[in-house]
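Worksheet: the structure to be examined is printed underneath.
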Amino acid sequence: MNPGDYTMELGPMGPIGEGAALMLRVNRNCPWNQCLFCSVYKQSRFSARSVEEVKGDIDTARRIGDLLEGKSWEMGMNGWIQQEVIEKVIREQPEIFGDYPTPVTQEQRLALRCLSNVAGWYMYGARRVFLQDANALFLKAGELVEVLRYLKGAFPTVDTVTCYARSKTCAQRTPEELKELHEAGLSWCFVGIESGCDRVLDSMKKGATQGDHISGGQKLMASGIKMAAFVMPGLAGGNPEMSRRHMLDTLDVLKEIRPTEIRVRSLAVLESAPLRGKWEAGEFLPPSEEQMVDELKGLIQGVNFDCTFETLQMTNLFTFKGQLPARRNTFLDAISDYQALSPLERARYLLNRYIRGG
């Protein structure tokens with residue numbers, strides 16, 4: 001057997017919370033790729049994959065799944081995929097996955113990574129799929145519909161398909177196109193709103209406006225596709241007035257869209273992001289921790305519609321997940337407890353948070 005028959009093309013990342021998903025790459029990198037705060041795709045060129053390429057990877061996932069299930073039945077485990085099944089598949093297929101301690105080839109290493117991707121997915125029931133990379137909706141709607149239908153045909157167990165999408169791309173799609181994508185199986189779009197303030201969006205080269213956010217988000221929600229809106233406390237920098245405008249305008253956008261979920265990803269000025277150069281040159285004043293806490297507090301106080309609210313990333317000072325407005329007081333009490341600490345106690349809290357949080 002050839003290792004190439006058991007390899008899929010995998011992108012560099014999937015979002016937090018998608019550990020149970022199969023990673024299926026429908027395009028490479030980001031078609032915009034100019035946001036100053038982001039470092040993920042800056043050295044990479046965007047390209048769309050063909051429908052046939054993606055279908056080929058779906059066939060590969062099916063081939064790997066059949067190999068795992070066949071071995072499971074052979075071992076008397078009734079099709080369940082456990083670690084011992086994976087290990088036995090690797091040991092018995094050295095031509096595909098390598099033969100320890102002989103060094104594995106690059107193709108065998110990729111085959112091992114793809115085996116891990118599919119095996120982990122099967123352990124969770126092969127139900128959830130994430131479409132990589134940064135903006136799956138950039139593909140022509142008809143092509144993405146074809147991929148989704150082929151995926152559901154190959155894996156009838158799939159009940160949730162998620163992807164990243166840009167507001168501007170969503171705004172450019174017709175209601176009919178989005179509805180057809182939903183009917184073909186697209187369940188969620190994760191959209192980086194970051195800010196509702198046009199001045200902040202422009203300064204960060206987001207490539208979208210407040211109007212794009214509202215139009216794209218409303219179209220998504222109307223089509224039946226659930227939307228997770230990412231927002232970024234701290235993105236306006238250290239100016240108090242801009243910080244206030246950033247959060248108020250962001251709340252206005254969220255209230256117009258009423259997304260299914262709000263995900264908070266507070267700003268971190270990464271060494272590999274273009275924003276780092278602006279900070280070092282004195283062109284960007286970063287926010288203080290206290291300012292970002294105030295922005296988060298204002299966000300929680302201002303959301304007046306039912307949605308899930310979460311802060312599950314290490315750049316956030318607090319770890320929250322629950323429904324708003326139902327959990328509002330619980331979240332606000334935790335923030336008030338922090339703000340009541342002395343400066344030294346706050347410093348200890350921050351040190352502990354960032355050491356233990358990664």
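Coordinate-derived values only; no laboratory data. Because the structure is a prediction, the values reported are computed rather than measured. All Cβ positions, even for glycine, are placed from backbone atoms using ideal geometry, and neighbour counts span all protein chains on display.
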The chain: most fluctuating residue of 132, 172, 43 per GNM, C-alpha cutoff 10 Å: 43
Hey, in the GNM for the chain with a 10 angstrom Cα cutoff, which one of 179, 278, 255 fluctuates hardest? 278
If the rule is a partner Cβ under 4.7 Å, which cysteines in the chain fail it? 30, 114, 163, 170, 189, 197, 307
Relative contact order (percent, whole number), segment 21-170, Cα cutoff 8 Å, 6+ residue spacing: 32
Quick one: angle between helix 141-154 and the longest Cα principal axis of the chain, in degrees between 0 and 90, rounded to 10, please. 50
Residue order, fewest to most beta carbons within 10 Å, for 35, 307: 307, 35
Which angle from 0 to 90°, rounded to the nearest 10, does the C-alpha axis of helix 106-123 make with the longest principal axis of the chain? 80
Please rank 246, 213, fewest neighbouring Cβ atoms within 10 Å first, as an exposure proxy. 246, 213
Out-of-range pairs (alpha-carbon distance over 32 Å; input 88/226; 140/255; 88/179; 140/297; 206/255; 205/297): 88/226; 88/179; 140/297
Sites excluded, GluC sites (Glu not before Pro) in DSSP loops with at most 13 other C-beta within 10 Å, longest stretch of the chain: 1-270
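Just need the Rg to Rh number for segment 230-313, please, alpha carbons only, Kirkwood Rh. Mind showing how you got there, number by number?
On the way: Rg = 13.4 Å, Rh = 13.5 Å.
Taking Rg over the Kirkwood Rh, I get 1.00.
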Going by a ≥ b ≥ c, the root eigenvalues of the Cα gyration tensor, does segment 4-58 fall in the rounded group (a/c under 1.5), the prolate group (a/b larger than b/c) or the oblate group? oblate
Values of log10 I(q)/I(0), in the order q = 0.11, 0.18, 0.19 Å⁻¹, for segment 279-357 under a Debye, Cα-only, solvent-free model: -0.34, -0.82, -0.90
Per DSSP helix of 4 or more residues, -39500 (n - 2.57); summed, then divided by the residues of the chain. What does that give at 222 nm, rounded to the nearest 500? -15000 deg cm²/dmol
Segment 10-112: chymotrypsin sites (Phe, Trp or Tyr not before Pro) in DSSP coil with no more than 15 other Cβ atoms inside 10 Å: 80
If Rh is defined by the Kirkwood formula over all Cα pairs and Rg also comes from Cα, what ratio Rg/Rh do you get for the chain? 1.01
If I fit a long axis through the Cα atoms of helix 240-257 and take the longest principal axis of the Cα atoms of the chain, what angle between them do I get, 0 to 90°, rounded to 10? 50
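Determine the sum of side-chain charges near residue 4: Lys and Arg each +1, Asp and Glu each -1, restricted to other residues whose C-beta is under 15 angstrom from that of residue 4.
Taking every Cβ under 15 Å from that of residue 4, the sum is -4.
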At 0.36 nm per residue, minus the direct Cα-Cα distance, what do residue 305 and residue 285 gain on full extension? Give it in nm, one decimal, please. 3.9 nm
Mean-square fluctuation check for the chain, GNM, Cα pairs under 10 Å: which of 258, 113, 91 is largest? 91
